[in-house]
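The values are calculated or read from the model by the stated rules, or taken from the named source; none is laboratory data. No experiment lies behind these values; they were computed from the predicted model shown. Because the Cβ atoms are built from the backbone with ideal geometry, glycine has one as well, and the counts that use them run over all protein chains shown. SASA here: full protein model, heavy atoms, side chains in, ligands and nucleic acids out. Shrake-Rupley method; radii C 1.70, N 1.55, O 1.52, S 1.80 Å.
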Amino acid sequence: FKRLPKDMPTTAQLAAVSGAMAIGLGAFGAHGLKTKVDPAMIKVWETASHYHLVHSVALLAVSVGQGHLSKRSLKLAPPLFTAGMVLFSGSLYLLVLTNKKALGAITPIGGLTLIAGWLSLAL
């Protein structure tokens, strides 16, 4: 086996915690919010938790696949995926919880950041 790079545990641990949060928040939305918010807002919450989980797995894949990615990709992808999850999913979670529609303006910035994370893997 190859020796693990120094920064792998940090990225893998971040992915693990983020994935666990995505599952927990998804369950909270499905069960805890069901009777508290409009059904359309439940869909928004589902979108947030779906993208959160998918990008947690992407972050884990970057961590595990370090031997197959360029140093540039390894430097850029983790912070872009992390920031994208916070901005995209976080803004949607907050939108549902607070009903402040202005938070929706943050969501596309998060989406673009997630796209940048994916594109950084091609470098």
Those residues of region 29-45 which are at pLDDT 95 or above and either surrounded by 15 or more Cβ atoms within 10 Å (Cβ to Cβ) or of a type in the set (V, I, T) (or both) amount to G29, L33, V37, M41, I42, V44, W45
Pairs returned, first residue in region 88-110 that is of a type in the set (F, W, Y), second residue that is open to solvent by 30 Å² or more (accessible area, probe 1.4 Å), beta-carbon separation under 6 angstrom, 6 or more apart or interchain, are F88/Y51
Can you tell me which residue among S70, S89, S56 is of a type in the set (G, A, S), in contact with a Phe, Trp or Tyr (Cβ under 9 Å, 6 or more places away or on another chain) and farther than 19 Å from P108 by Cβ?
S56
Taking the residues in region 5-21 that are free of Cβ contacts under 8 Å to residues at least 40 places away in the same chain and outside any loop (DSSP other than H, G, I, E, B) as candidates, determine which candidate is most open to solvent (accessible area, probe 1.4 Å).
Q13
Given the options L123, L69, L94, L112, name the one that is farther than 20 Å from L25 by Cβ, in contact with a helix residue (DSSP H, G or I) (Cβ under 6 Å, 6 or more places away or on another chain) and open to solvent by 20 Å² or more (accessible area, probe 1.4 Å).
L123
Sort through L74, L59 and tell me the only one that's more than 26 Å from K36 (Cα to Cα), under 11 Å from the mean Cα position of the chain (by Cα), buried (at least 18 other Cβ atoms within 10 Å of the Cβ) and not aromatic (F, W, Y).
L59
What single numbered condition from (1) surrounded by fewer than 17 Cβ atoms within 10 Å (Cβ to Cβ); (2) at pLDDT 95 or above; (3) within 25 Å of L119 (Cβ to Cβ) fails to hold for V64?
(2)
